[in-house]
Amino acid sequence: MPLTPELRAAFEAVLRQYESEYGGVQNQVSAGQARLKELHNSISTLQKSLNPEASSPTPPIPATPSRQSSRKYAFTSVRWAILDLLAESEPKTTAEIAEDLIAAGVQTKAANFANNVSAVLSTTLKEQHGEVEQLPDGKWRLTDNGKSAIEHIRTTPKFREAMRGRRSFARY
C-alpha cells in the first residue's frame, strides 16, 4: 500500500522527532560515560594515595545497588561470561547482556561496555566460533556449538576456580 502524501509527511515528522530525541539521549549518555570515567580515575588516584602498596593498580568499579547482587563473573573472560549467561537465560540484547555482566561482577574500564560486548558477540562468538546467533529481533542466543562449548568450559579447572572467586584470569 503506497503512502499518501499526508501520511508520508506525518511519518517524516515523527522520524525527525525520534532522531532528534535519539541524538539528545546519545549526548546525555556520552556525557554520563565521560563523567563516570572521571569519577573512576579520581577514585583510583585517591585509593592509590591512601594505599600505595596495594597490589591492584586500578580499583574495581564501585558497587552500586544494581551491582551488589553477584560477583559471579568477576574472574572470568567476557567470552566465558557471555556463554554462561546465555546458557542460563532467554535470548538477550547486547545491552541486556552488558548490563547483566556488569551486575554479575565483570570489571571494565570501557566508556561503553556494550560496545565491547558487541565486538565479542559478533567477532569472537559468532564469526570465529559459531557459538551465538542473532535473532531477527536483535537478541542473541547460543547455537548448538555454543551450548557444547559452555558445557565443556564448565568442566575445566580454570572455569570452576573462576566461579569460586579465584583469580584464574581466564581469557578464552
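The values are calculated or read from the model by the stated rules, or taken from the named source; none is laboratory data. Bear in mind the structure is a predicted one, so any value in this text is a computation, not a measurement. A quick note on method: Cβ atoms are made from the backbone with ideal geometry, for glycine too, and the neighbour counts reach across all protein chains shown.
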Legend entry - Flag for Arg141 being part of a helix (DSSP H, G or I) and modelled with pLDDT of 85 or more: no
Inset, instruction - Scan the stretch 122-136 residue by residue and report those that are without any contact (Cβ under 8 Å) to a residue 40 or more places away in the chain and at negative phi. - result: Ser122, Thr123, Lys126, Glu127, Gln128, His129, Glu133, Gln134, Pro136
Inset, instruction - Please find, within the stretch 110-132, the residue that is surrounded by the fewest Cβ atoms within 10 Å (Cβ to Cβ) out of those that are modelled with pLDDT under 90 and farther than 28 Å from Arg164 by Cβ. - result: Asn112
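Every residue, every condition in (1) under 13 Å from the mean Cα position of the chain (by Cα); (2) assigned by TED's automatic domain parsing to the domain that holds Ser30; (3) of a type in the set (A, V, I, L, M); (4) farther than 26 Å from Asn27 by Cβ, yes or no:
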{"position": "Phe75", "(1), (2), (3), (4)": "no, no, no, yes"}
{"position": "Ser89", "(1), (2), (3), (4)": "no, no, no, yes"}
{"position": "Ala95", "(1), (2), (3), (4)": "yes, no, yes, no"}
{"position": "Asn115", "(1), (2), (3), (4)": "yes, no, no, no"}
{"position": "Ser148", "(1), (2), (3), (4)": "no, no, no, yes"}
{"position": "Pro157", "(1), (2), (3), (4)": "no, no, no, yes"}
Legend entry - The lone exception for Pro52 - which of (1) in contact with a helix residue (DSSP H, G or I) (Cβ under 8 Å, 6 or more places away or on another chain); (2) at pLDDT below 80 it fails: (1)
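Results for (1) under 29 Å from the mean Cα position of the chain (by Cα); (2) in a helix (DSSP H, G or I); (3) without any contact (Cβ under 8 Å) to a residue 24 or more places away in the chain; (4) more than 14 Å from Asn112 (Cβ to Cβ), shown as yes or no for each residue.
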| position | (1), (2), (3), (4) |
| --- | --- |
| Pro2 | no, no, yes, yes |
| Ala10 | no, yes, yes, yes |
| Leu15 | yes, yes, yes, yes |
| Gly24 | yes, yes, yes, yes |
| Ser42 | yes, yes, yes, yes |
Inset, instruction - Kindly indicate the residue of the stretch 59-109 that is modelled with pLDDT under 80 and surrounded by 14 or more Cβ atoms within 10 Å (Cβ to Cβ) and also farthest from Thr123 (Cα to Cα) among those meeting that condition. - result: Pro59
Legend entry - Residue within the stretch 26-39 that is at pLDDT 85 or above and either polar (S, T, N, Q) or under 23 Å from the mean Cα position of the chain (by Cα) (or both) present: no
Legend entry - Filter result for Glu6 (assigned by TED's automatic domain parsing to the domain that holds Ile153, of a type in the set (Asp, Glu) and at pLDDT 90 or above): no
